[in-house]
1. In the range 76-126, if the dipole is taken from +1 on Lys/Arg beta carbons and -1 on Asp/Glu beta carbons about the Cα centre, which of 76, 106, 118 is farthest to the positive end?
2. Tally Lys and Arg at +1 and Asp and Glu at -1 over the other residues with C-beta under 13 Å from the C-beta of residue 115: what net charge comes out?
3. For the peptides 97-105, 170-178, 144-152, what is the packing order when you average, over each peptide's residues, the other Cβ atoms within 10 Å and list the highest mean first?
4. Evaluate E = 1/(1 + (r/R0)^6) for residue 71 and residue 157, where r is the Cβ-Cβ distance and R0 equals 30 Å; express this FRET efficiency to the nearest 0.05.
5. Under the classification rounded if a/c is under 1.5, otherwise prolate if a/b is larger than b/c and oblate if not, where does the range 71-175 fall, given a ≥ b ≥ c as square roots of the Cα gyration tensor eigenvalues?
6. What Kirkwood Rh does the chain have if only Cα atoms enter the pairwise 1/r average? Answer in Å.
7. Could you give the nm distance between label points at residue 142 and residue 92, where each point is 7 Å from its Cα heading toward the beta carbon?
Amino acid sequence: MDWERRYTEGDTPWDRGTAHPALDGLLAQNVLQGKTLVPGCGAGHDVRLLARHHLRVTGLDIAPSAIERARNFAPVNNETYLCEDFFALPKEWKQSFDSILEHTCFCAIEPNRRADYIRSATTALKPGGRFLAVFYTDMEDQDGEPPFGATTGDLDALFGKHFRLLEEYRGMPTFPGREGCETIRLLARI
Ligand SMILES: C[S@@+](CC[C@H](N)C(=O)[O-])C[C@H]1O[C@@H](n2cnc3c(N)ncnc32)[C@H](O)[C@@H]1O
């Protein structure tokens, strides 16, 4: 997928112009804390919501135009944006984050890179760090195009070795058209 081209051509149907509707309520329960990373942040709507909840947030995206879009919004608080590849994080980021928020990055990457995704997440997080994720678990296959779904069984197998499941939330508020497709999980890095 040429993500940069999707942004330059304005072909970004995933961008609903706001943070994921379930997040505000979850963040109000302090499920995440401290220094937080948002991989594949796009235009940064979730990043700004986290910043509103007083987290120190870094939004990261591989597409320069996504980061430009994010930076064009008025800063909310303590948020920064970086154009980086989640699979090639700076060495000094090792175990430097208290939390990660995952929303539509995991489903955007090729399934054969999922182990790499988990490696990056476990490397960036401190032991005990929180991982809050909106996963696509119940959706039709898109003929080899993202979003790539994963069953809850897939998630158990992929994340189980490095993360402990703290909570699973089903039927949470979401965007129109995504009802019944998502599972939100709160994990802790072992
Ligand atoms: C479906 S979009 C979702 C964007 C944003 N999370 C949202 O919900 O609006 C997937 C995002 O992941 C980014 N992305 C894909 N591969 C990436 C990688 N290896 N490192 C960082 N970002 C990546 C894309 O550029 C794109 O912005």
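1. 118
2. Working: positive: 113, 114, 119, 161; negative: 110, 116, 154.
Spelling it out: positives minus negatives among the neighbours equals +1.
3. On the way: 97-105: 23.0, 170-178: 12.6, 144-152: 14.6.
Packing proxy ranking, top to bottom: 97-105, 144-152, 170-178.
4. Numbers: r = 37 Å, r/R0 = 1.25.
Efficiency for this residue pair is about 0.20.
5. Details: a/c = 1.44, a/b = 1.26, b/c = 1.15.
Here the range 71-175 falls in the rounded category.
6. Numbers: mean 1/r = 0.0604 Å⁻¹.
So the Kirkwood estimate lands at 16.6 Å.
7. Each label point lies 7 Å from its Cα, and together they span 3.5 nm.
Bear in mind that the values in this text are calculations on the coordinates, not laboratory data. Owing to the predicted nature of the structure, the values given are computational and were not obtained by experimental measurement. So basically every Cβ, Gly included, is an ideal-geometry build from the backbone, and we count neighbours across all protein chains shown.
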